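Here is the structure we will look at, set down as structure tokens.
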Amino acid sequence: MRIAVIGSRTMATAFRLGGVADVTEVQDGANVDGDLARTRFKELIGNAEVGMIVISESAAGAIRKDIDRFHDQKRMLPLLLELPDEGGEEEDRMAKVIRRAVGIDVTR
């Protein structure tokens, strides 16, 4: 099973540094290429080798109907994880979760 990422350049860079090779950049600043995000999402959910899809909040928002249809199927795999965009409202909460789990403040 492999991990795939759909998101911004910053998210893509972070996951590439972490060793994830299947990364698709669909976001430039606040602009999301919804067509590219949708196409890539459909490819990934149809690939039995993909165990987890990490997607940015903005990219997920651009393809919300596709994501809702995927959830309606009640499939166990791939696991879909939506992460907040950098500077988003959820960033502080996410940083706290990571700090508790890892013991390192990732925002500094």
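Derivation of every value follows stated rules applied to the coordinates shown; laboratory data play no part. Because the structure is a prediction, the values reported are computed rather than measured.
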If you stretched the chain out fully between Lys42 and Arg69, how much longer would it get, using 0.36 nm times the residue separation minus the C-alpha to C-alpha distance? 8.6 nm
Residues whose placed amide H lies under 5 Å from that of Ile55, excluding near-sequence neighbours: Ile6, Leu81, Glu82, Leu83
